[in-house]
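Derivation of every value follows stated rules applied to the coordinates shown; laboratory data play no part. As the structure is a computational prediction, the values presented were derived from the model and not from experiment. Cβ coordinates were reconstructed from backbone atoms using ideal geometry, including for glycine residues, and neighbour counts include every protein chain displayed.
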Amino acid sequence: MGMEMQCVQRTSEIGNLIRRRRREAGYTIQQLAQLLGCSTRFLSEVERGKESASIGRVLQIAVSLGLEMRMGKKSVR
């Protein structure tokens, strides 16, 4: 079952999506960290939504898991 597009507004939501996709892909946190060349601590912090994580590294993690990020103007309701 694939992931549907979701609107995210908090770093914790991005972290949850990354964790879910990592698990769906069958990686442990240690395996993915080794693949990406980062520490398990850093990856764990990203998955927990730590706000000080580098956006570039977060994007690299997301892309490596087959996720894409899109931005656009929020619709007013």
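List of remarks:
- Charge dipole (debye, nearest 20) of the chain; +1 at Cβ of Lys and Arg, -1 at Cβ of Asp and Glu: 220
- Gyration tensor verdict on the range 10-54 (Cα atoms; rounded if a/c is under 1.5, prolate if a/b is larger than b/c, oblate otherwise): oblate
- Calculated [222 nm] ellipticity per residue, helices only, for the chain: -15000 deg cm²/dmol; basis is -39500 (n - 2.57) per DSSP H run with n ≥ 4, divided by all residues, nearest 500.
- The GluC sites (Glu not before Pro) of the chain meeting both criteria, a DSSP state outside H, G, I, E and B (loop) and at most 10 other C-beta atoms within 10 angstrom of the site's C-beta, are GLU4, GLU51, GLU68.
- Charge dipole (the range 11-64, unit charges on Cβ, about Cα centre) - positive-most of LEU32, ASN16, GLY56: LEU32
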